[in-house]
Amino acid sequence: MKKRMLYGALIGSILLCPGMTAGDVQTLPERQEMDSAYQWRLENIFEDDASWETAYKEVQEILPRLGEYQGTLGESPTKLLECLELEDSLGIILGKVYAYAHMRSHEDTENDRYQGLADRATTLAVEANGAGSFVTPEILAIPEKTLEEFLAREPRLELYRFALEQITRVRNHVLPAEQELLLARMGGLADVPQNAFSMLTNADLKFPVIRDEEGREVELSEERYGKYIHSRNREVRKAAFMGLFKTYERYKNTLAATYGGSVKKDAFFSQVRNYESSLQGALYPDAIPLEVYDKLIQAIHEGLPELHRYMALKKEALGLEELHMYDLYAPLVEESRKDISYAEAVEDVRQALAPLGDRYLEELEKGLTGGWIDVYENRGKRSGAYSWSTYGAHPYVLLNYNGTLRDVFTLAHEMGHALHSSFTYAVQPYVYSGHDIFTAEVASITNENLLLDHMISKAASREEKLYLLNYALEQIRTTVFRQVLFGEFEKIAHEKTRRGEPLTPDVLCTLWKDLNTAYYGTETVIDPEIHIEWARIPHFYSAFYVYQYATGYAAAASLAEQILTEGEPAVARYLAFLESGDSAYPIDLLKKAGVDMTSPEPVRAVLDRFSRWLDQLEQLLRE
């Protein structure tokens, strides 16, 4: 019953941030040059590295104690309870050890000391998985009737009833103890493809220098690409596009090998655990029906004509003879708010989330002022954004804030993740303190929807409303249509591996080209450089994760609408959802919150919203 490490969406965008130097070429600041007021306080987990070492040794001392329970779990309810409680204690300490080391390494991926700590923490986690690998097989060996007797005889075991149900549900997919131990010891090997991808793309890849809107030479990065691909200047967009993807193209063989290795790893684990496919292996433990995935792809394909209509309107509005892939993110009108300060972004988020009530706002304030957030980019810092929570400590948020509207939405998004964990930790014991991936994005995207509604409602001009409507459409294009494209790519890639077909660079590039052609239609030129885009998607190394951005958006849009229209009853249901953690199956948690994801209605409603916003945008453009 190991807890999951939770990351938020990796969203890239960059502008000048404090510490950057003016000159012919803008360079990233060193971390020590940054204002510590805008850096997270990892000392809230461990005071210093010496305290981390003490906790590390504590984990090492617990591991043999856990092993003493091997072969005893079926003897009595007392033995079972003691083992589960020790597992929880181990998980809490190990979670802190793992989080501290890895977040320190993310502050500067070139820092060898913290890369070393992160490697040690990963190795320790693998050892812990091995030490506890006997638990699930032994629980499965306990007859169902005996397990019920244990629960009746030991009242304190009642806490673990649902956790035990989750284990017994996968009875046919768990191996004998010695085989589970072998799989656990393979954890380090299984992580190699993802680790190699991360180090290559975060530390080793060097991007070219391009010219920005003012003609200045700037060093391209993943973060800056997020800014320049949204530029109103087409030459800047094109230069960033070409610079980024030509860089990835040079490493296509290595990146195909790392991704192919990750897919083979998933295929191996699904096969040895008796799943029909990697997809079933990913969905079954959380009781997500396979048809949810397939019906999502089907529904999005039915909605592609509206996406094609949007592409045609965008081409017309931008005055282009051809709409290229580097034009997709171009705003139709100039953003009325530029270089948004972090303080302004914080205030926007506060106001937008006011409908969630005082309890939510009080917790939000703790996060904004309590050392939860690492705000600005520095040299070597991990790209993108995420929220990382570990039980027994407050959540943390990594940003690379650079003053764009997208950065404001990223702040709202990641704080949605953080407060989801914070509310859960206040109510749930460790065993139910995680969030299944299917529900993990709901809180973050609910925040985004509330922020979007707030900004559209207070739009001060036609141009601002145009911009926000375009932004709203882009949210659905990128969070629903694009993520389902990603999900379809994953499904096909994994099916090819299942059939024994190699995932060569040409195979992957052709698949990516064909999907982009289908999704974006004849109104869009599918530039050959885009064929390598699959190679830069980190979430592909967590198989069948990304489709849940689309389902999460659908659920979140419904919840946000209920919060705004119903008020307190909907807020109460929503806060209860935040407090629930993973104490029930995700489909059931969302039903209690007010959304039935086994129905196609939430996805259809998002597509209807896309059509309505598209109508409004078209009308404004025609005026």
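The values are calculated or read from the model by the stated rules, or taken from the named source; none is laboratory data. Model, not experiment: these values are computed from the prediction. Reconstructed Cβ throughout: ideal geometry from the backbone, glycine too, with neighbour counts over all protein chains shown.
List of remarks:
- Entirely in the stretch 548-623, the helices (runs of 4 or more DSSP H) that have 3 or more residues that are touching a residue at least 12 places away in the same chain (Cβ under 8 Å), out of contact with any Gly (no Cβ under 8 Å at 6 or more places or on another chain) and within 20 Å of Ile456 (Cβ to Cβ): 601-622
Yes or no, residue by residue, for (1) assigned to a helix (DSSP H, G or I); (2) under 23 Å from Leu485 (Cβ atoms):
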{"site": "Phe268", "(1), (2)": "yes, no"}
{"site": "Gln271", "(1), (2)": "yes, no"}
{"site": "Glu276", "(1), (2)": "no, no"}
{"site": "Ala282", "(1), (2)": "yes, yes"}
{"site": "Leu296", "(1), (2)": "yes, yes"}
{"site": "Ile300", "(1), (2)": "yes, yes"}
{"site": "Arg309", "(1), (2)": "yes, yes"}
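- Taking the criterion of being surrounded by 20 or more Cβ atoms within 10 Å (Cβ to Cβ), more than 26 Å from Glu302 (Cα to Cα) and more than 21 Å from the chain's Cα centre (by Cα), the only residue of the stretch 571-623 that qualifies is Ala593.
- Whichever residue in the stretch 229-258 is among the aromatic types (Phe, Trp, Tyr) and under 19 Å from Val525 (Cβ atoms) and, among such residues, is surrounded by the fewest Cβ atoms within 10 Å (Cβ to Cβ): Phe245
- Failed condition for Thr109, given (1) outside any helix (DSSP H, G or I); (2) of a type in the set (Val, Ile, Thr); (3) modelled with pLDDT of 95 or more: (3)
- Single residue of Glu223, Glu214 found to be of a type outside the set (A, V, I, L, M, F, W, C), touching an Asp or Glu at 6+ places or on another chain (Cβ under 6 Å) and over 21 Å from Glu495 (Cα atoms): Glu223
- Residue in the stretch 357-367 that is buried (at least 19 other Cβ atoms within 10 Å of the Cβ) and in contact with an Asp or Glu (Cβ under 9 Å, 6 or more places away or on another chain) present: no
- Verdict on Glu316 being within 27 Å of the chain's Cα centre (by Cα), of a type outside the set (Val, Ile, Thr) and part of a helix (DSSP H, G or I): no
- Residue in the stretch 284-301 that is farther than 18 Å from Lys491 by Cβ and at pLDDT 95 or above present: no
- Top-ranked residue of the stretch 399-439 - restricted to ones that are aliphatic (A, V, I, L, M) and at pLDDT below 95, ranked as farthest from the chain's Cα centre (by Cα): Leu405
- Inter-residue pairs, beta-carbon under 8 Å, first touching a residue at least 40 places away in the same chain (Cβ under 8 Å) and of a type in the set (A, V, I, L, M) and in the stretch 140-165, second surrounded by fewer than 13 Cβ atoms within 10 Å (Cβ to Cβ) and in a helix (DSSP H, G or I), 6+ apart: Leu151/Glu158; Leu151/Arg161
- Boolean, Arg224 is within 30 Å of Glu334 (Cβ to Cβ), in a helix (DSSP H, G or I), modelled with pLDDT under 95 and not small (Gly, Ala, Ser): yes
- Restricted to helices (runs of 4 or more DSSP H) entirely inside the stretch 124-171, those with at least 1 residues that are modelled with pLDDT under 95, in contact with an Asp or Glu (Cβ under 7 Å, 6 or more places away or on another chain) and buried (at least 18 other Cβ atoms within 10 Å of the Cβ) are 135-141.
- So Glu291, is it closer than 24 Å to Ala543 by Cβ, free of Cβ contacts under 8 Å to residues at least 60 places away in the same chain and assigned to a helix (DSSP H, G or I): yes
- Index of the failed condition, Ala345 passing every other in (1) small (Gly, Ala, Ser); (2) under 22 Å from the mean Cα position of the chain (by Cα); (3) within 30 Å of Ser583 (Cα to Cα): (3)
- Candidates Leu181, Leu189 - the one that is modelled with pLDDT under 90 and surrounded by 16 or more Cβ atoms within 10 Å (Cβ to Cβ): Leu181
- Qualifying residues in the stretch 69-123 (those that are small (Gly, Ala, Ser) and surrounded by fewer than 19 Cβ atoms within 10 Å (Cβ to Cβ)) - the one farthest from the chain's Cα centre (by Cα): Ser76
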